[in-house]
Amino acid sequence: MAVILATLCLLSCTFFLHSSASSAEFLQCLSQTIPSDHVFQQSSSSFTSVLQSSIQNPKFATSTTVRPLCIVTASDASHVQSAVRCGRRHGVRLRVRSGGHDYEGLSYRSVLPEEFAVLDLAGLRGVRVRRGEASAWVDAGATLGELYYALGTANPGFAFPGGACATVGVSGFISGGGIGLMMRKYGVGGDNVLDARVVTADGELLDRAAMGEDLFWAIRGGGGESFGVVVAWRLTLSKVPATVTVVNILKSVDQGAADLLAKWETTILQPFLTDLTIRVVMQGNNTLFQTLYLGRCSKLIGTMSTVFPELGTTAADCNEMTWLQAMAFVYFGRADAPVEGILNRTNALGGTTLTYFKSKSDYARRAVGKAGWESIFRQHLSRNGAGLVILEPHGAAVGGPNTNATSPYPHRRGVLFNLQYGSMWWGDANGTAAATALGWLNGLYDFMAQFVSSNPREAFANYRDLDIGRNVVGGDDVSTYRSGRVWGERYFMGNFRKLAAVKARVDPSDYFRNEQSIPPLR
């Protein structure tokens with residue numbers, strides 16, 4: 001089962017990117033302001049390796065993928081400022097990549113032919129933390145694994161409520177809201193940001209005081225790449241006990257997995273259970289109940305015997321360890337996983353067999369029920385061993401009072417859990433195996449409509465999905481608000497209009513644009 005401001009823009013709002021400046025002038029501009037070893041043109045022998053260095057899905061690393069004009073590997077905020085200014089001046093847009101986990105690859109590719117450059121932030125990956133302090137500055141190119149390791153070694157006893165995947169970029173995680181294993185106690189990632197440094201569309205570097213509260217709100221879960229380039233975050237750290245407990249329990253359909261899921265979904269929202277998270281991974285005929293408890297095994301067993309005795313958790317199932325070790329356990333799926341392993345940024349292109357995948361997402365606001373879970377296994381999961389469903393419990397701090405004021409992440413009060421559906425295949429990106437895998441995924445997604453939210457059918461911005469819609473660029477070379485609503489209200493619900501209003505103030509010419517970037521409100 002182991003298996004992403006001030007209301008004044010110094011550049012005119014009427015500046016359009018279809019100026020007469022050429023791509024050659026853009027490259028010349030970069031060469032005057034950024035070291036040559038930080039700019040990789042298509043003619044460079046290292047271009048392909050740098051482009052593919054953090055691509056997590058090989059389906060976007062084929063000969064038909066629209067490639068960038070060049071890649072800028074920034075190692076300082078000044079490089080980011082220069083790249084933005086050159087791009088604005090010479091009509092070349094930037095796509096910004098942090099960890100490369102963008103499910104649709106929009107941080108490094110374009111769906112349609114377009115002249116653009118990639119701004120890769122992997123060289124900006126420092127974590128500045130002091131022992132005993134409840135905050136840390138983290139560069140945008142750091143991964144969650146690098147953040148976890150820095151906290152666990154330099155500031156033990158403090159943690160950040162991030163996700164389960166260590167190779168996810170911190171900036172991408174926060175920019176989409178960021179759901180994770182401790183969010184029921186501490187909120188989503190976007191709720192845990194104290195400050196940020198952002199390069200705006202005019203190339204200015206602003207902190208929270210200079211950018212204003214509206215932009216600061218927007219970047220913490222509203223798709224940060226739509227508003228500028230975040231180069232660093234100041235994060236709130238939360239205290240965790242010296243010892244936490246992790247448990248993996250695998251149950252098959254024949255062992256009552258459907259009954260257990262029905263029990264799980266009715267207990268997870270109890271407000272007193274904030275120290276306990278049970279994440280669920282369903283694959284084939286099996287279900288993995290993955291528990292993280294902020295405390296010792298003895299207390300976990302007492303809690304489980306009261307609220308979820310049916311799972312049968314015993315002391316023999318417990319793995320007591322530090323929080324850092326627990327993050328490695330969750331990522332690798334085993335108790336002996338070395339904590340240094342979560343520092344590895346190696347992507348899916350490093351092996352001899354490429355694994356392609358596609359994901360979709362939903363939110364449940366009512367229980368699915370035993371019969372529902374049985375039908376999901378029988379009609380879908382049992383028919384595809386390479387398909388899976390991941391359930392992330394919500395409630396408690398995620399749905400608490402005034403939480404929409406801290407982050408645009410809207411899936412709050414009343415949400416039971418998030419669902420991620422994934423389908424994997426091997427062979428090639430677009431052949432028969434791909435068609436079969438995608439057909440299965442779309443069939444499952446259609447089937448799940450009866451169990452999940454509607455009007456809108458909610459989706460998670462961090463699990464980007466172009467199937468639910470994409471921007472249409474109008475005659476003024478600006479993404480239309482109308483086209484953005486189609487997908488945007490599913491990711492951001494009632495917060496989408498406010499996000500578009502912020503976009504209109506800070507980037508009215510729509511410089512920071514991709515197929516699912518926030519359009520300016522007009």
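The values are calculated or read from the model by the stated rules, or taken from the named source; none is laboratory data. What you see is a predicted model, and the numbers here were worked out from it, not measured in a lab. Ideal geometry is used to build each Cβ from the backbone, glycine not excepted, and the neighbour counts take in all protein chains shown. The protein model used for the area step is the full one, side chains on, heavy atoms only, and it has no ligands, DNA or RNA in it. Shrake-Rupley method; radii C 1.70, N 1.55, O 1.52, S 1.80 Å.
For Ala210, which of the numbered conditions (1) of a type in the set (A, V, I, L, M); (2) open to solvent by 30 Å² or more (accessible area, probe 1.4 Å); (3) in contact with a Pro (Cβ under 8 Å, 6 or more places away or on another chain); (4) not in a loop (DSSP other than H, G, I, E, B) fails to hold?
(3)
Please give the number of the condition Thr167 fails out of (1) at pLDDT below 95; (2) within 20 Å of Trp323 (Cβ to Cβ); (3) buried (at least 24 other Cβ atoms within 10 Å of the Cβ).
(3)
Could you list all residues from region 425-447 that are small (Gly, Ala, Ser) and under 19 Å from Phe377 (Cα atoms)? Show your work before the answer.
Our first condition is that a residue be small (Gly, Ala, Ser); within region 425-447, this holds for 427, 429, 431, 433-435, 437, 439, 443.
Of everything in region 425-447, those that are small (Gly, Ala, Ser) and under 19 Å from Phe377 (Cα atoms) turn out to be Ala437, Gly439, Gly443.
Have a look at Tyr463, Tyr445 and point out the one that is hydroxyl-bearing (Ser, Thr, Tyr), more than 26 Å from Glu213 (Cβ to Cβ), within 23 Å of the chain's Cα centre (by Cα) and not assigned by the TED database to the domain that holds Asn384. Before you say what the answer is, go through the steps one by one.
Values: Tyr445 fails: not assigned by the TED database to the domain that holds Asn384.
Unique residue meeting the criteria: Tyr463.
Could you grab me the full set of residues in region 40-76 that are farther than 24 Å from Met424 by Cα and open to solvent by less than 20 Å² (accessible area, probe 1.4 Å)?
If the condition is that a residue be farther than 24 Å from Met424 by Cα and open to solvent by less than 20 Å² (accessible area, probe 1.4 Å), then Phe47, Pro68, Cys70, Ile71, Val72, Ala74 are the ones that fit.
Going through region 292-344 one residue at a time, which ones are touching a Lys or Arg at 6+ places or on another chain (Cβ under 7 Å) and of a type in the set (Phe, Trp, Tyr)?
Of everything in region 292-344, just one residue is touching a Lys or Arg at 6+ places or on another chain (Cβ under 7 Å) and of a type in the set (Phe, Trp, Tyr), namely Phe308.
Mind checking whether some residue in region 372-381 is among the aliphatic types (A, V, I, L, M), under 30 Å from Asn495 (Cα atoms) and surrounded by fewer than 22 Cβ atoms within 10 Å (Cβ to Cβ)?
No, that holds for no residue.
Somewhere in region 218-227, is a residue of a type in the set (A, V, I, L, M) and at pLDDT 95 or above?
Yes: region 218-227 contains one or more residues that are of a type in the set (A, V, I, L, M) and at pLDDT 95 or above.
Does region 498-516 include one or more residues that are within 30 Å of Phe377 (Cβ to Cβ) and either β-branched (Val, Ile, Thr) or open to solvent by 20 Å² or more (accessible area, probe 1.4 Å) (or both)?
Step one: of region 498-516, the residues within 30 Å of Phe377 (Cβ to Cβ) are none.
Checked against the condition, which is being within 30 Å of Phe377 (Cβ to Cβ) and either β-branched (Val, Ile, Thr) or open to solvent by 20 Å² or more (accessible area, probe 1.4 Å) (or both), region 498-516 yields no hits at all.
Taking region 465-486, which residues are open to solvent by less than 20 Å² (accessible area, probe 1.4 Å) and not hydroxyl-bearing (Ser, Thr, Tyr)? First the steps, then the outcome.
Within region 465-486, the first condition is being open to solvent by less than 20 Å² (accessible area, probe 1.4 Å), and the residues that meet it are 465-466, 468-469, 478-479, 483-484.
Asp465, Leu466, Ile468, Gly469, Val478, Gly484 - these are the residues of region 465-486 that are open to solvent by less than 20 Å² (accessible area, probe 1.4 Å) and not hydroxyl-bearing (Ser, Thr, Tyr).
Can you say whether Phe492 is touching a Pro at 6+ places or on another chain (Cβ under 6 Å), under 20 Å from Pro519 (Cβ atoms), open to solvent by less than 20 Å² (accessible area, probe 1.4 Å) and not β-branched (Val, Ile, Thr), as far as the supplied structure shows?
On the way: touching a Pro at 6+ places or on another chain (Cβ under 6 Å): yes; under 20 Å from Pro519 (Cβ atoms): yes; open to solvent by less than 20 Å² (accessible area, probe 1.4 Å): yes; not β-branched (Val, Ile, Thr): yes.
Spelling it out, Phe492 is indeed touching a Pro at 6+ places or on another chain (Cβ under 6 Å), under 20 Å from Pro519 (Cβ atoms), open to solvent by less than 20 Å² (accessible area, probe 1.4 Å) and not β-branched (Val, Ile, Thr).
Under 6 Å between Cβ atoms, at least 6 apart or on separate chains: pull out the pairs that start in region 509-522 with a residue that is closer than 15 Å to Ala461 by Cα and end on any residue that is open to solvent by less than 20 Å² (accessible area, probe 1.4 Å) and part of a loop (DSSP other than H, G, I, E, B).
Asn514/Leu106; Glu515/Leu106; Ile518/Gly223
Every residue, every condition in (1) at pLDDT 95 or above; (2) open to solvent by less than 10 Å² (accessible area, probe 1.4 Å); (3) out of contact with any strand residue (DSSP E or B) (no Cβ under 6 Å at 6 or more places or on another chain); (4) on the phi < 0 side of the Ramachandran plot, yes or no:
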{"position": "Ala134", "(1), (2), (3), (4)": "yes, no, yes, yes"}
{"position": "Asp139", "(1), (2), (3), (4)": "yes, no, no, yes"}
{"position": "Pro156", "(1), (2), (3), (4)": "yes, no, yes, yes"}
{"position": "Ala159", "(1), (2), (3), (4)": "yes, yes, no, yes"}
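Of these, Gly145, Gly99, Gly176, which one is at pLDDT below 95 and either closer than 23 Å to Gln56 by Cβ or in contact with an Asp or Glu (Cβ under 6 Å, 6 or more places away or on another chain) (or both)?
After ruling out the rest, the residue left standing is Gly99.
As an exercise: evaluate Ser252 against (1) touching a Leu at 6+ places or on another chain (Cβ under 7 Å); (2) farther than 25 Å from Asn155 by Cβ; (3) open to solvent by less than 30 Å² (accessible area, probe 1.4 Å) and give the number of the one condition it does not meet.
Condition (1) is where Ser252 drops out.
Is it true that some residue in region 423-445 is at pLDDT below 95, of a type in the set (Gly, Ala, Ser) and surrounded by fewer than 16 Cβ atoms within 10 Å (Cβ to Cβ)?
Taking every residue of region 423-445 in turn, at least one turns out to be at pLDDT below 95, of a type in the set (Gly, Ala, Ser) and surrounded by fewer than 16 Cβ atoms within 10 Å (Cβ to Cβ).
Condition check ((1) open to solvent by 20 Å² or more (accessible area, probe 1.4 Å); (2) within 22 Å of Lys59 (Cβ to Cβ); (3) at pLDDT 95 or above; (4) touching a Cys at 6+ places or on another chain (Cβ under 8 Å)) across all residues:
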{"residue": "Pro393", "(1), (2), (3), (4)": "no, no, yes, no"}
{"residue": "Gly400", "(1), (2), (3), (4)": "no, no, no, no"}
{"residue": "Phe447", "(1), (2), (3), (4)": "yes, no, yes, no"}
{"residue": "Gln450", "(1), (2), (3), (4)": "yes, no, yes, no"}
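Are there any pairs, at least 6 apart or on different chains, whose C-beta atoms fall under 8 Å, with the first in region 218-233 and at positive phi and the second among the hydroxyl-bearing types (Ser, Thr, Tyr), and if so, which?
Gly221/Ser175; Gly221/Ser407; Gly221/Tyr409; Gly223/Ser175; Gly223/Tyr491; Gly223/Ser517; Gly228/Thr200
Test of understanding: among Gly203, Gly221, which residue is of a type in the set (Gly, Ala, Ser), in a loop (DSSP other than H, G, I, E, B), touching a helix residue (DSSP H, G or I) at 6+ places or on another chain (Cβ under 7 Å) and surrounded by 22 or more Cβ atoms within 10 Å (Cβ to Cβ)? Walk me through how you get there before you give the answer.
Numbers: Gly203 fails: surrounded by 22 or more Cβ atoms within 10 Å (Cβ to Cβ).
Result: Gly221 is the single residue among Gly203, Gly221 that is of a type in the set (Gly, Ala, Ser), in a loop (DSSP other than H, G, I, E, B), touching a helix residue (DSSP H, G or I) at 6+ places or on another chain (Cβ under 7 Å) and surrounded by 22 or more Cβ atoms within 10 Å (Cβ to Cβ).
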